[in-house]
Ligand code: ADP
């Protein structure tokens, strides 16, 4: 049998040919990249669109008809998709968002390489990083470049959506672009991050995500801005503020809600109007209860507002337009001792209310124990509430809450990521729990750093899936060129190892490096802080400008609330930057610690006093018992005891006095008298005393 004619042999030949072709293509692509980088490194400004484009540059080898056909097919497919690659370009800026389609032959990714303060424009058709906007449109894994690690998240949805967006799922040990974790990672991880990597938590966000720390920060701001920071119910941290809370309770007839300081999901919460029932040692958050909340259909509810922070310095906050309203499952009645234990009436947590048989699952907008924010907006409009004003107030609460921890966030970010100069090292989705009272005033109850992404109900899926998709589209991951950064880092390490001298080390600009001084002052709240626009100029092509341009053109269903679009509002928020400096934060920390220390000392003293009293009482009791015991002795014995004591006293005589000791004592007394006389000690004392008296009299 002729082997060459067999099917198997032909297949092998085909595969060999295929792999050869692939290797050749890869090599070709690499040559382009190397050429482009060489040009950039040689500081030759690129001629606009003339290089770095395999489509336009002369091909290295004559293109085979098969390849040409494949290429034409590929271009046609891209054009047919109606979504140009250039649409997703990070550098087009706000003017060229998704609504500005480009012709298919201009579908290239434009970018800038910055070297020695010069900016070079490059076109890179091979760097197709951004995903198609349609989540359902699956992208082949071979086309993806960005990688994401979701192994530290329990929500399968994150991985699924990332995949549909063209991300490749990788393990934590690999060079991921994004690490999505449900918990706060350790500082070690932050410190080891490369400049193209991003993580979904900011170091220090705990400052607003733990109930006790949030209360402390908000209370501090309330002290400085009593009019502006009435955004949360009156809160005391027990046991440190035990006295203050008791004092308030004495003068105000209010219901209080008590929560464990780091609890969640409604665990350990109860209502009371008698604070005396709380022990002075219990660690709790005590809050005034908002007893007239806004009711829909007679039920209390709270709002889960999803907020994305993409940068802390400068502060950039986005709020998702869709979210959840979570309803209590028993009709609301103002708290009384009779109903205070009814958690299905007073708490709106899903984890609490799902246990109630009245929990309502509903796919319509106007019913169910979980509804979309858009449904609440419709309800408000129907009842003639000013929805725009309400959401502007909610935005205000969110901004002020974040600002209360801003100095710590900024400090921690710069401490953890001193060299992250290309993109932000972090982004974070926070879940703000907002309670609305009957006057439509929003109050912040809690901030969650890992809001639940469970999708048990249809409404969850409708809100959370687009939220994750829009977040991954908005974050600036695509702006960092992983390969180039790694190359730069390797070069730098090499230089350091070889200890190349002469050239001063190139200072990496900070991400906010493009911002001018007054702007930085305004952000930092420095002495000459001016209310100015925080956005850098459009012509500033620094990484921060690129990030801003990217974010503005990829908002999805997010709205930007910080920096606010309205300049007068920016002016208003500048004062909070200015006042919340670190000194006051740490002073407050020290003060509250001191207060806690004092409270502890007082408690210890009180306890000691009590113990002493108890001891005394016990002591008296013992003496009484002894007395009682003595009285109880038989009379003959008592008489004998008394006689013995008398005899002892009768027979007392002084002890032996030795002559030698007496003589020694005399000699010492004599020596002392001699010394006083020869040194004139008595005269000296008298003279000094008389001069002191005379000067006193003179004056
Ligand atoms: P957890 O983290 O345990 O969920 P929260 O502070 O969010 O604790 O409180 C749980 C629920 O209790 C809220 O969803 C809200 O319905 C209710 N609640 C909390 N604080 C207040 C308050 N000050 N006034 C009225 N209701 C409150």
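The values are calculated or read from the model by the stated rules, or taken from the named source; none is laboratory data. Owing to the predicted nature of the structure, the values given are computational and were not obtained by experimental measurement. Using ideal geometry, Cβ is built from the backbone for each residue, glycine included, and neighbour counts are taken over all protein chains shown.
Out of 305, 319, I need the residue that is assigned to a strand (DSSP E or B), more than 16 Å from the ligand (Cβ to nearest atom) and in contact (Cβ under 8 Å) with a residue 60 or more places away in the chain. Which one?
Exactly one of 305, 319 is assigned to a strand (DSSP E or B), more than 16 Å from the ligand (Cβ to nearest atom) and in contact (Cβ under 8 Å) with a residue 60 or more places away in the chain, namely 319.
Residue by residue through region 415-442, note down the ones that are within 12 Å of the ligand (Cβ to nearest atom) and buried (at least 19 other Cβ atoms within 10 Å of the Cβ).
Those that are within 12 Å of the ligand (Cβ to nearest atom) and buried (at least 19 other Cβ atoms within 10 Å of the Cβ): 431, 432, 434, 435, 436.
With the structure loaded, tell me whether residue 233 is more than 16 Å from the ligand (Cβ to nearest atom) and in a loop (DSSP other than H, G, I, E, B) or whether it fails that test.
The answer is no for residue 233.
Looking at (1) within 16 Å of the ligand (Cβ to nearest atom); (2) more than 22 Å from residue 256 (Cβ to Cβ); (3) assigned to a loop (DSSP other than H, G, I, E, B), which one does residue 325 not meet, given that it meets all the others?
Among (1) within 16 Å of the ligand (Cβ to nearest atom); (2) more than 22 Å from residue 256 (Cβ to Cβ); (3) assigned to a loop (DSSP other than H, G, I, E, B), residue 325 violates only (3).
Give the residue that is farthest from residue 267 (Cα to Cα), with candidates limited to residues of region 334-357 that are touching a helix residue (DSSP H, G or I) at 6+ places or on another chain (Cβ under 7 Å) and more than 12 Å from the ligand (Cβ to nearest atom).
Ranking the candidates gives 339 first.
So which of 373, 275 is surrounded by 16 or more Cβ atoms within 10 Å (Cβ to Cβ), away from the ligand (no atom under 14 Å from the Cβ) and free of Cβ contacts under 8 Å to residues at least 40 places away in the same chain?
275
Within 9 Å of the ligand (Cβ to nearest atom) and farther than 26 Å from residue 377 by Cβ: does that describe residue 269?
Yes.
What are the residues in region 255-266 that are in contact (Cβ under 8 Å) with a residue 60 or more places away in the chain and more than 8 Å from the ligand (Cβ to nearest atom), if any?
Once the filter is applied, which keeps residues that are in contact (Cβ under 8 Å) with a residue 60 or more places away in the chain and more than 8 Å from the ligand (Cβ to nearest atom), region 255-266 yields only 255.
Taking the stated definitions as given, is residue 393 in contact with a strand residue (DSSP E or B) (Cβ under 7 Å, 6 or more places away or on another chain), away from the ligand (no atom under 16 Å from the Cβ), over 25 Å from residue 354 (Cα atoms) and in the same structural domain as residue 293 (by the TED database)?
When the stated conditions are applied, residue 393 passes them.
Do we have any residue at all in region 399-410 that's touching a residue at least 24 places away in the same chain (Cβ under 8 Å), more than 22 Å from residue 198 (Cβ to Cβ), surrounded by fewer than 22 Cβ atoms within 10 Å (Cβ to Cβ) and within 16 Å of the ligand (Cβ to nearest atom)?
Within region 399-410, not a single residue is touching a residue at least 24 places away in the same chain (Cβ under 8 Å), more than 22 Å from residue 198 (Cβ to Cβ), surrounded by fewer than 22 Cβ atoms within 10 Å (Cβ to Cβ) and within 16 Å of the ligand (Cβ to nearest atom).
Per-residue answers, yes or no, for (1) in a loop (DSSP other than H, G, I, E, B); (2) free of Cβ contacts under 8 Å to residues at least 40 places away in the same chain; (3) out of contact with any strand residue (DSSP E or B) (no Cβ under 6 Å at 6 or more places or on another chain):
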| residue | (1), (2), (3) |
| --- | --- |
| 174 | yes, yes, yes |
| 189 | no, yes, yes |
| 196 | yes, no, yes |
| 207 | no, no, yes |
| 227 | yes, yes, yes |
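Restricting region 443-471 to residues that are surrounded by 19 or more Cβ atoms within 10 Å (Cβ to Cβ) and assigned to a loop (DSSP other than H, G, I, E, B), which is farthest from the ligand (Cβ to nearest atom)?
Among residues in region 443-471 that are surrounded by 19 or more Cβ atoms within 10 Å (Cβ to Cβ) and assigned to a loop (DSSP other than H, G, I, E, B), the one farthest from the ligand (Cβ to nearest atom) is 453.
Evaluate region 245-254: report whether one residue or more is within 12 Å of the ligand (Cβ to nearest atom) and crowded, with 18+ Cβ neighbours inside 10 Å.
No, there is no match, as no residue in region 245-254 is within 12 Å of the ligand (Cβ to nearest atom) and crowded, with 18+ Cβ neighbours inside 10 Å.
Only one of these is away from the ligand (no atom under 13 Å from the Cβ) and not assigned by the TED database to the domain that holds residue 365: 226, 239, 314, 280. Name it.
314
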